[in-house]
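K.L.:
The structure that follows is given in the form of structure tokens.
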Amino acid sequence: MVKTLLRPLRRWPALEAALARLAGRFTTWPSDEFGRFVTTSMLGTALGGPAALPPISEPMRPPPPVSIAPATFEKRFMRLQLEGRFDEMWEMLAEDAQRAWGGREPFIRDMPRLGDNMDLLDMQVVSVNVLASWTDREHQRTYQNVAQLVMRYRVRQEWREWTFDRQVHLIPAAGGWRTLCYPARSKAISSMGSR
């Protein structure tokens, strides 16, 4: 029935063009799809130009960034260190810490490792505080919105077992946090890196 009604219109291209324009005035597209709109043609491609078609599939969009808790971030950093995955740890360092290490290769080479006779038995987050501002006195830098964590580690070396606490500072960055893990200045500083 529709074909029967439209057949006489094909004989008058001016009328077909006018109806196509009129239909275009009443056709709405979502604002994010407007860039794909080419032409509106109710009667096919007779007037020269393809009919506007919806996309075949939705465009691939990256997943929204997931915020990770500071404690989860620090535990992941330490697990990577225990597993010797220093290449992955590099991406978790703050830019200031990366500059202090002098590059990825020196970091991978010089980052402290637990000895073969040392085991990390437990790792706990004692406290997490987000500070509006914090100054790293050793490196003379001030940061905003810093997560200050107190971590408790229980380690065993051969027959001896002990527990120690360490304060860690994380700064906000795209996609979550970055750690201020600087190279140790001397062997006297903790065997797990100075932060």
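Throughout, read-outs are computed from the coordinates displayed, never taken from laboratory work. Source: prediction; values computed, not measured. Glycine also receives a Cβ, built like all others from the backbone with ideal geometry; neighbour counts cover every protein chain displayed.
K.L.:
Looking only at segment 108-139, which residues are under 21 Å from PRO172 (Cα atoms) and either hydroxyl-bearing (Ser, Thr, Tyr) or crowded, with 16+ Cβ neighbours inside 10 Å (or both)?
P.N.:
So in segment 108-139, the residues under 21 Å from PRO172 (Cα atoms) come out as 125-139.
VAL125, SER127, VAL128, SER133, TRP134, THR135, ASP136 - these are the residues of segment 108-139 that are under 21 Å from PRO172 (Cα atoms) and either hydroxyl-bearing (Ser, Thr, Tyr) or crowded, with 16+ Cβ neighbours inside 10 Å (or both).
K.L.:
Next question, about the same structure. Can you find, within segment 140-182, the residue that is farthest from the chain's Cα centre (by Cα) among those that are surrounded by 19 or more Cβ atoms within 10 Å (Cβ to Cβ) and among the β-branched types (Val, Ile, Thr)?
P.N.:
That would be VAL168.
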